[in-house]
Amino acid sequence: MRSTCGDRCHRGRYERNRTRPSDNCRGEKLRRPSKDRTVFPAIEKMFDQRRLSDDEVRHSIAAFMEGTVSDLTIATWLGAFAARGVDFDEVKSLTDAYIASGRQVEPASRESGEPVVVDKHSSGGVGDKVSLTALPIIAAMGIPVLKLSGGALGLAGGTADKLSSIPGFRVQLAHSELEEILARTNLVIGSQTNDLCPGDSATYRIRDLCGAVKSVALIAASIVSKKVAAGSTRVVYHIKWGEAGLVPDEASARGLGELIYALSRAYKINSKIVYSEIDSPAGYCVGNLLEVLEARRFLGGHSRHPKLLEEVYSVCRALLEVAALDPANADRRISTVIENGDALATFERWLSGQGADSGFVNDPELYFSSLKPQHLAVRANKSGVVARIDPLGMAEIAAALGFAKNAIDDCVDPLAGIELKIELESKVSAGDVIATLWSSNPIGAHMELQACNSIEVVS
């Protein structure tokens, strides 16, 4: 199978060059030194612990978009913005600048009695496939869902990257296509388009390379700007914390949630925040296509990891609330559409509606096997009970297999990842297969040891 990144990435391998990669690689040529030096005073002010004016923030982003400010200069600007600590007005100015950099979609007008359109966003986690599971459930209840997703930042996989791993699936959609697919399938997930918040899109990957990934201010401005530009009016934000996430602890997560909620209110978005800890992977699989397979298994009733089940129900309850529906019978309604097959049917109809290969939609497990991925079994080195599954360790293993990018022009291997055969408190015997590693490329035996070290078994 060829990587989704084009002809120069074969079965997860890539070669670096100085030319611009394909759009799916999301790379770009490094620009020459900045011609516009008017951004430098803003950087100096931040180094001096002084706040920026609205004009200074807007000008910095506009100048970068015009191409007169180099990647290095804007990386320094973002790093200073992240490191100094900024107030609400500065974050609001950055959000405004991102929105103003492109087109803004007017919120969809709904007839009286017609269900409102809802949206959901996650700050990202290890094995986070909640969007792939919760949103088909909500859509199966008759509530329209339109979501724009970003790519991965750091070790947290992005929903757009997971969907891009599906053969034929289209995430780059014009607004008219989003609306047309939504009308047919009641669910559509697209990637951030070039005309919506291009300022955010242009700085998104640079944040990943300048140590600014975990900045609460930059995360909030990025998330909320996309929601405003896309015309979202009812959004559930799923904020996760842990060493493998964008925010390290609960206090930081709640600080991010409060900032996102305040920003959303400023733009008249009805929002609700759901919090989760990344104390273990959210499911059995970590990897782009692997997580799509697990989402389908979940909806089909074949495999429901307890942590994923908990997070899916929490997000679905919140989505019902922002849709102004009575939450009293939420759990019963969620269970009904899963058990009667409506959620799975919605999932398959949605994938087909966005162009997924019919062979994959009809039998994704067989399709995955037909790609002949490399795999390596990980066996328990002693008997006992699984006491901990290190989420950061799992993310690093998946990244080493080809799941994540190390440079802006890298390509991901859609088949790469790790599939757990156990969960917390599972009993295992020495020699039992506790995980399988997957990749398009040969897998070194040392990876088994690394995986074993990330899964703690106590006697």
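The values are calculated or read from the model by the stated rules, or taken from the named source; none is laboratory data. Owing to the predicted nature of the structure, the values given are computational and were not obtained by experimental measurement. As a convention, Cβ positions derive from the backbone with ideal geometry for all residues, glycine included, and neighbour counts pool all protein chains shown. Side chains are part of the model used for accessible areas, which takes the heavy atoms of the whole protein and leaves out ligands, DNA and RNA. Shrake-Rupley method; radii C 1.70, N 1.55, O 1.52, S 1.80 Å.
Things to note:
- Selection of the stretch 404-422 for residues being in contact with a strand residue (DSSP E or B) (Cβ under 8 Å, 6 or more places away or on another chain) and modelled with pLDDT under 95 yields only ASP413.
- Residue in the stretch 37-56 that is part of a loop (DSSP other than H, G, I, E, B), touching a helix residue (DSSP H, G or I) at 6+ places or on another chain (Cβ under 9 Å) and modelled with pLDDT under 90 present: no
- The residue of the stretch 438-459 that is nearest to LYS382 (Cα to Cα), among those that are within 27 Å of the chain's Cα centre (by Cα) and polar (S, T, N, Q), is ASN453.
- For the stretch 360-399, the tally of residues that are in contact (Cβ under 8 Å) with a residue 40 or more places away in the chain, assigned to a helix (DSSP H, G or I) and more than 26 Å from VAL458 (Cα to Cα) stands at 6.
- Counted residues, the stretch 154-201 - those being in a helix (DSSP H, G or I), hydrophobic (A, V, I, L, M, F, W, C) and in contact with a strand residue (DSSP E or B) (Cβ under 8 Å, 6 or more places away or on another chain): 5
- Qualifying residues in the stretch 200-247 (those that are open to solvent by 20 Å² or more (accessible area, probe 1.4 Å), within 17 Å of the chain's Cα centre (by Cα) and not aliphatic (A, V, I, L, M)) - the one farthest from ILE99 (Cα to Cα): GLU243
- Within the stretch 267-306, being more than 22 Å from LEU163 (Cβ to Cβ), out of contact with any helix residue (DSSP H, G or I) (no Cβ under 6 Å at 6 or more places or on another chain) and of a type in the set (D, E, K, R) holds for LYS268, GLU277, ASP279.
- Some residue of the stretch 428-437 being of a type outside the set (S, T, N, Q), open to solvent by 40 Å² or more (accessible area, probe 1.4 Å) and without any contact (Cβ under 8 Å) to a residue 40 or more places away in the chain: no
- Here the condition is being within 30 Å of LEU196 (Cα to Cα) and either polar (S, T, N, Q) or open to solvent by less than 40 Å² (accessible area, probe 1.4 Å) (or both); of ILE260, ILE278, ILE334, it holds for ILE260 alone.
- Residue match in the stretch 296-316 (condition: farther than 14 Å from SER122 by Cβ, aliphatic (A, V, I, L, M) and open to solvent by 10 Å² or more (accessible area, probe 1.4 Å)): yes
- If you go through the stretch 202-228 and keep only what is part of a helix (DSSP H, G or I) and of a type in the set (A, V, I, L, M, F, W, C), you end up with ALA202, ILE206, LEU209, VAL216, ALA217, LEU218, ILE219, ALA220, ALA221, ILE223, VAL224, VAL228.
- Of all residues in the stretch 170-197, those that are open to solvent by less than 20 Å² (accessible area, probe 1.4 Å) and touching a Gly at 6+ places or on another chain (Cβ under 6 Å) total 7.
- Within the stretch 341-351, one or more residues are open to solvent by 10 Å² or more (accessible area, probe 1.4 Å), part of a loop (DSSP other than H, G, I, E, B) and under 18 Å from ALA134 (Cα atoms).
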